[in-house]
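The numbers here are math on the coordinates, done by the rules we state, and not lab data. If you're wondering where the values come from, they're calculated on a predicted model, not measured in any experiment. Cβ placement follows ideal geometry from the backbone for every residue including glycine, while neighbour counts extend to all protein chains displayed.
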2 protein chains.
Amino acid sequence: MKPTPSDSEVSQSTSEILLPAGFRFAGATGGIKASGKPDVSLIVSDKPCVAAAVTTTNQVFAAPVTLCRERSPTAKCRAVITNSGNANACTGRQGDLDAIQMGSVVADRLECEAEDVFVMSTGVIGQPLPMAKVLVGIENAFGNLGDSAEHFIAANDAICTTDAYRKNVSIAFEAGGQSYRLAAMCKGAGMIAPNMATMLGVVVTDFPMSIEQAPQALRRITERSFNRVSVDGHMSTNDTVVLMTGGDEQSVVTDEVLDEFVAAASDACLELAKLLVADGEGAVRFFEVAVEGAMSDADALTIAQTVAASPLVKTAITGGDPNWGRIVSAAGYAGPKMDVANTSLTIEGVTVFENGQPVTIDAAKLSETMKSAVEVKLRLTVGTGSGASEYWSSDLTVDYVRFNSLYTT
Amino acid sequence: MKPTPSDSEVSQSTSEILLPAGFRFAGATGGIKASGKPDVSLIVSDKPCVAAAVTTTNQVFAAPVTLCRERSPTAKCRAVITNSGNANACTGRQGDLDAIQMGSVVADRLECEAEDVFVMSTGVIGQPLPMAKVLVGIENAFGNLGDSAEHFIAANDAICTTDAYRKNVSIAFEAGGQSYRLAAMCKGAGMIAPNMATMLGVVVTDFPMSIEQAPQALRRITERSFNRVSVDGHMSTNDTVVLMTGGDEQSVVTDEVLDEFVAAASDACLELAKLLVADGEGAVRFFEVAVEGAMSDADALTIAQTVAASPLVKTAITGGDPNWGRIVSAAGYAGPKMDVANTSLTIEGVTVFENGQPVTIDAAKLSETMKSAVEVKLRLTVGTGSGASEYWSSDLTVDYVRFNSLYTT
């Protein structure tokens, strides 16, 4: 049984999905996955819209990532086409041609330009994309398009790979005194790491903005959501998030109204990001590292990220082990300045280290508390500065190792 | 069964240990470890000698680390006293006083100054050092001192914690046309990480050098040995390596002769370092990442280290899985510039990726080769630069996770 974040407002019930108008969705099966599960996902904007993409910062990046970079931002976006089951990464010149063809076939059907379509792929690295199957999947997807919650979910399911469950979120929000909607989906369970978009994701909204505002807003949203989580610290070659908006070439909003959108969208995407770590390969629980008292927010984030990445911290979370020395020592090698005499740590609200001194605790009781939590909360004060940040990670389990020792062979 | 590096010249046979003259060794039991195993180790130089220490760069560092820093370098070193079973880290003011007392008691017995003694501790973090037991152990150690191979091994055994086997190396070497000896021991199996001394180690040699030359030589040696290995990337609070030499206040050697010493000592310590990763907690095999074609040696080292640290690479090694996409993609997020069109990878000599293109391989056969290796060799070319470096790491197994999920509770 996989946990889901207890405080998540995400529901798998289709009746609660709040879709913005103007978008259609489809999932389809082309036969790329040996399992026969859906492997082609299509999202169409009824009219040309302002859209942007953020992509992996990995120097080894997949062919579709090149296209997303070239085509972002745009005021004429019509679609995002995604295949799962094959990453089209490390596939050389043929991979580039295949990615271009995926987009062109969709553009032909929509009677738009090739550059109006974003392309994403996810799956195994280094194998040629089976284009005949991809093309069948695209054809089937066009037959399945629709604007209901069921269509949205079908598109969501078709981007999944090792995910134990689908991940989506939708909200209604106000900005500039008007009501809007936002729906987002993502996939990912392994090769999830900080410093970029961390997986495949699509965010659709009827909120308008300009072509200049879209990439900046998306960057701010991902910094505050997907870039705050890690399963295994291994940055993928394919990670991409696409934002499709209600804007067109004439759209523009004030900075204040854009801030309202970014705040609402960031909260929604953080919910999605927590679903990613909760679904970390093999994970039995996940944990939050909240750091305060650092010299800057950036320092606090680096410390939180380092603590969250330590295999010794992750295995302590797995075991429900209040082994706080591992947590404090991980902060100590993170890099940013730490004031040990003013360093304190709480685990699930229990102070275990205070101003550089160990605190006598009931370790067995605290262990029970940790074991019964879906999300273990660590709060680390590293000095008297005003810098603070949070980071989320899944634990490291026997099943993670089993799963990843047996992946391709 | 733990593997040992197949190419290691290290022997557990006492007859082959080549000890330099002028040093005595002892292991003793003070009762710090619940297991009743030896937990106090003493190494004495018969006369005051030139010595130096390198210590952890973790900002959270143990009380004895403070003493080693204050007392290094010295031309009057008489002893290194070490306890295992308790790290004396995160123990506040009392921890500082306990570390000072450990050294002072030894200095009193040797009729030297407190600052002539180095102090090291290893074990659990955050618990007060049981001083009564430590003092009993020190008393017993003085009764056990001797200059034979058996005494050296007893001192080695008494620094161990979760080690599956003792780790030592000894060599005879020539420098400046003269013959010398060097013997070194270390401990460590978890919380092993790059960027500093990575564990407890003592190197003793009859090779002379000045107080200015000793810390510089030790830094160069550790950069080329202990800082090239990682088990879990978690830098400890206690890591320390002490070098005791045959030098006194009058000693000095030329730069050329010192280079001969550094080369011989680095090779010997790299053998020891490989024993550390072979004994990584839960490890079934270890692996070498050799990177070439980078813009600089430092860039190559960063890439090698990043590949070696990836949980996905480590689990692929565990499973004997030639999943080369994980290796190439880890290099891609390491940071230093990579030229993908000139990137190639071999696994155990088999080319799997060449100049940015996948190569068709017999994956089942390569998997068998990997599974039968104790040390899997990965060779990654990342461009046409002249930078090259190597790094060693243990794999990541179900047993590592099991062991570290159950450590204190």
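Remind me, relative contact order of the stretch B:252-389 in percent, using alpha carbon pairs under 8 angstrom and six or more residues apart? Numbers along the way, then the final one.
On the way: 225 pairs, mean separation 48.3, N = 138.
Over the stretch B:252-389, the number comes to 35 percent.
Can you give the FRET efficiency to the nearest 0.05 for A:E115 and B:V374, using r as the Cβ-Cβ distance and R₀ = 60 Å? Mind dumping the intermediate values first?
Numbers: r = 52 Å, r/R0 = 0.87.
Calculated transfer efficiency: 0.70.
Please list the non-local residues whose amide H lies under 5 Å from the amide H of B:V124, H modeled 1.01 Å from N, same-chain partners needing a gap of 5 or more.
Here B:G85, B:N86, B:A87 satisfy the definition.
From the phi of every residue in the stretch A:331-348, what ³J(HN,Hα) in whole Hz does the Karplus formula 6.51 cos²θ - 1.76 cosθ + 1.60 yield, where θ is phi - 60° and glycine or proline is x?
Once rounded to whole Hz, the list reads 4, x, 9, 5, x, x, 4, 10, 10, 4, 5, 10, 9, 9, 9, 10, 10, 6.
Cα gyration tensor of the stretch A:326-409, axes a ≥ b ≥ c as square roots of the eigenvalues: rounded (a/c below 1.5), prolate (a/b > b/c) or oblate?
Note, shape of the stretch A:326-409 comes out oblate.
Taking a label point 7 Å out from Cα toward Cβ, give me the nm distances from B:G177 to the same spot in the other copies, shortest first, one decimal.
Result for B:G177, in nm, nearest copy first: 9.5.
Sequence-distant or interchain residues sharing an amide H contact under 5 Å with A:D163, placed H: which?
A:G188
Decide, for chain A, between rounded, prolate and oblate: order the square roots of the alpha carbon gyration tensor eigenvalues as a ≥ b ≥ c, take rounded if a/c falls under 1.5, and otherwise choose prolate if a/b is larger than b/c, else oblate. Let's see the in-between values first.
On the way: a/c = 2.05, a/b = 1.59, b/c = 1.29.
Since a/c reaches 1.5 and a/b is larger than b/c, the shape of chain A is classed as prolate.
For a 18 Å ceiling on Cα separation, which of these pairs sit above it: A:K33/A:K133; A:K167/A:K187; A:K167/A:K314; A:K187/B:K314; B:K167/B:K187; B:K274/B:K377? Could the numbers behind the result be given before it?
Working: A:K33/A:K133 10 Å; A:K167/A:K187 7 Å; A:K167/A:K314 23 Å; A:K187/B:K314 24 Å; B:K167/B:K187 7 Å; B:K274/B:K377 13 Å.
The answer is A:K167/A:K314; A:K187/B:K314.
Read phi for every residue in the stretch A:55-70 and hand back ³J(HN,Hα) as whole Hz from Karplus 6.51 cos²θ - 1.76 cosθ + 1.60, θ = phi - 60°, with x for Gly and Pro.
10, 3, 9, 5, 5, 9, 10, 6, 4, x, 4, 4, 5, 4, 5, 5
Quick one: Karplus J couplings for the stretch A:86-93, per residue in order, coefficients 6.51, -1.76, 1.60, θ = phi - 60°, nearest Hz, x for Gly and Pro?
In residue order, the calculated couplings are 7, 7, 6, 10, 6, 10, x, 4 Hz.
Of B:L272, B:G246, B:V124, whose Cα points farthest to the positive end of the dipole of the stretch B:16-278 (charges on the beta-carbon: +1 Lys, Arg; -1 Asp, Glu; origin at the Cα centre)?
Comparing the listed Cα positions along the dipole, B:V124 ranks first.
Okay, helix-only estimate at 222 nm for the protein assembly as shown: each DSSP H run of n ≥ 4 adds -39500 (n - 2.57), divide by all residues, round to 500 deg cm²/dmol; what do you get? Write down the numbers at each step before the final one.
Working: 22 runs with 269 residues, N = 818.
The helix contribution divided over the protein assembly as shown gives -10500 deg cm²/dmol.
In peptide B:363-370, what is the residue-averaged number of other protein chain Cβ atoms found within 10 Å of each Cβ? Could the numbers behind the result be given before it?
On the way: counts 2, 1, 0, 1, 2, 1, 0, 1.
Counting other chains' Cβ atoms within 10 Å and averaging over B:363-370 gives 1.
Once you have the Cα-Cα distance between B:Q250 and B:E223, take 0.36 nm times their residue separation minus that, and quote the gain in nm to one decimal.
Working: separation 27, 0.36 × 27 = 9.72 nm, distance 2.72 nm.
Contour length minus Cα-Cα distance gives 7.0 nm.
Which residues make up the longest stretch of chain A clear of GluC sites (Glu not before Pro) that lie in a DSSP loop with no more than 15 other Cβ atoms within 10 Å, not counting the sites? Numbers along the way, then the final one.
Values: sites that count: A:E9, A:E111, A:E113, A:E212, A:E249.
It runs A:250-409.
Can you bin the stretch A:29-141 into rounded, prolate or oblate? Criterion: square roots of the alpha carbon gyration tensor eigenvalues sorted a ≥ b ≥ c, rounded for a/c under 1.5, prolate for a/b above b/c, oblate for the rest.
Oblate is the answer for the stretch A:29-141, as a/c is 1.5 or above yet b/c matches or exceeds a/b.
Would you mind ranking A:I361, A:I125 by Cβ crowding within 10 Å, fewest neighbours first?
Values: A:I361 15, A:I125 25.
Final ranking by Cβ density, sparse to dense: A:I361, A:I125.
Taking amide hydrogens as modeled 1.01 Å from N in the peptide plane, which residues meet the under 5 Å criterion relative to B:D248, leaving out close sequence neighbours?
B:V50, B:M209
Kindly give the distances from B:K371 to its copy-mates, label point to label point, with each label point 7 Å from Cα along Cα→Cβ, as nm values to one decimal ordered shortest first.
For B:K371, the other copies' label points sit at 3.5 nm, shortest first.
If you put a point 7 Å past Cα along the Cβ direction, how far is that point for A:R93 from the same point in each other copy, in nm, smallest first?
So the label point of A:R93 gives 7.4 nm to the other copies.
Run through the stretch B:336-396 and list the trypsin sites (Lys or Arg not before Pro) located in a DSSP loop whose Cβ has at most 15 other Cβ atoms within 10 Å. Show your work: numbers first, answer last.
Working: sites: B:K337, B:K365, B:K371, B:K377, B:R379; in loops: B:K337.
Sparse-neighbourhood loop trypsin sites (Lys or Arg not before Pro): B:K337.
Please list, in order, the residues from the stretch A:370-386 whose amide nitrogen is less than 14 Å from a point placed 7 Å along the Cα→Cβ vector of A:A341.
A:383-384
Taking 7 Å along the Cα-to-C-beta vector as the label spot, tell me the B:E354-A:K365 distance in nanometres, rounded to one decimal.
Reported label-point gap for B:E354 and A:K365 is 6.6 nm.
Under 20 Å between alpha carbons, and skipping anything fewer than 8 positions from A:K37 in its own chain: which aspartates and glutamates qualify?
Filter leaves A:E139, A:E150, A:D157, A:D163, A:D279, A:E281.
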